[in-house]
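Nothing in this text is a laboratory measurement; each read-out follows from the coordinates by a stated rule. This one's a predicted model, so the numbers in the text were calculated from it and none came from an experiment. A quick note on method: Cβ atoms are made from the backbone with ideal geometry, for glycine too, and the neighbour counts reach across all protein chains shown.
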Amino acid sequence: MDQNNNSNNDMRDTDKYHTDPSGYYDSRLGQSADTGEHNGVYPDRMDNGYGGYGYSSDPYSRSYMPPQPENNGSNKKPKKSGGKGITAVLFTVVCVMLCVVCFLVGQRFGYTVPSDNNNNGNLGDNGTGGVQNDTTGTTGESEYLQNGDFELEQITAEEHYQLSSVYQKTMNSVVEITTESVQTGSFMQQYVTTGAGSGVILTDDGYIVTNNHVIEGATKITVTLTSGEKYDASLVGADVKTDIAVLKIEATGLSKAELGISGDLLVGEQILVIGNPLGSLGGSATTGIISATSRNISVEGQLMTLIQTNAAINPGNSGGGMFNMSGQLVGIVNAKYTDEAVEGIGFAIPIDTAKDIIESLINYGYVTGRPNIGLTIEYGTSRYLQSVGATNWITEVSSGSDAAKAGLKVMDQIVSVDGKVFSNAETLNTYLDTLKVGDSITIVVNRYTSVSIFEYSVETLTYNFTLTEYVL
C-alpha cells in the first residue's frame, strides 16, 4: 500500500459534441452542423437525447427564431372589459395565496427548489446530481425529496455534523510519511527510490505507528504534520509478522489519537479513514462501514486477521487511521484487494492486535515472547521454484536464529514439521506461529545439490531443536 513515484492520471474526455439534425447553427458553440466545426467545450449540459452534452434537438436554436407577423396597424386592440378585469384580479390573488401556502409547506417539510446559483446551465448542481439539500429546516430528522415516482432519503444534518466532528477531532493525529531508500541496479549502480504512506500519532511527545511495509528498507524517513511542519523520524522498532512499525520524532505537544476497542466493532458500523492517498493528498478522509470484524487474509504469505471495510483505500493510505464515530482509533490501515472486478474491499489491523505489538516495540525495540525460529518461507512467486514443482522452500535463514544454529539452509525444501505436511506456506507459517518458547520442533527437509546443469541430487535430512526467545 505504500506509494512509489509512479502515477497515472485517468482523465475523462468531456470535450464531446453531437451534430444537430436540424442543421441550424448554435451561436453558443460556434459550430455548424454541416461542417462539424467545433470551437469550444460545451458551456452547459441538459438532457436532450444526444448524450446530455448541451446540444438542443429543438430546430429553433438560440441563434435562430422563426419570422414573426408584422403589425401593420390593421390589428385592432382588444376592448377593455370591466367584468374580465375583476376576474383577472381575483385569479391573481388566488394564485398568490396558493404560492404562499406551497412555500410554507415546503419550508415545513424541508423541501427546496433547485436553482442555478452558479449560472452555468447546471440547474441546482451541487454535487448531488442536481438536487439541493436544505439542512437548515430540520435537525436529527430524515429528509425526503420527491423525484418522479421515487422517494430519496437524504443523509441527516446530524450525521453530516457527526462525520465532520470526527474528522476535526482526529485529523491532526494523522501524519504523512515519505521515505527514501538506496537501491543497487545493474552494473552495481546505486540509485535512490522514494515512497509514501501514512501514520498515526500515539503520544504527544512524538511516537507514531505505521506499517512495516511503508518504512521497510528506508534510509531516510520524513514525517509531515497537518500544519506542514516536517520532522526527520527514527525507527524505534518494526515487526514483519504483524506489519507494524513505530517511529519517533523530536517534538512535543502533538495531537495524539485516542485508542478505542476494535473488539467492540459491529458489522455495518460507520467508520472514517484518514490518510495520505497517492502520497500527495495528506489529510484525505473517506468513509464507509465495517464489512467484517475478523477476516482471515493472507498478505504476502503471512496469514493475518484483519478488519474489512468498504471505505476507499488507495496506495499511500497504508499506516493511516481507521476511526469510529466517537473519534477513537480502532484500526491501522494496511491493505486493499485489487482486481478489475473488485471494488470496496480494504483492510486494517485491529487496534486490539496492534496495541501489544506497539508497546513491546516502544519498550524493547522488538516483540518479546516470540520463538527465534528465524525462517522465511517462499510463498510461490519464484518462477524457478514453480518450475521444479515444489513448495515451502526456505528463502532466508536469519543469522543467529534457532534454525541457523540447527543447520537449516536457504533452498532447503520443507517436507514436514512435527510430522505434519503442509500444502502451502500460509498454513505452514500459521502452524509455526502457534509454537512457543521452550517447545521442541522437528523439521524434515529435502536438500538439493547440483550435479550438473540439468541434474540435481536430493538428500532428506531431519533436524531437531528447542525454540529459544527472540532477543534483538
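Data for the structure
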| quantity | calculated |
| --- | --- |
| Protection proxy ranking, peptides 204-212, 236-244, average beta carbon neighbours within 10 Å, highest first | 204-212, 236-244 |
| Filter on Lys256/Lys355; Lys241/Lys355; Lys220/Lys336 - keep pairs with C-alpha separation over 20 Å | Lys220/Lys336 |
| Fewest-first ranking of Glu378, Glu359, using other Cβ atoms within 10 Å as the exposure measure | Glu359, Glu378 |
| Sorted largest first, extent of the range 317-449 alpha carbons per principal axis (Å) | 58, 43, 24 |
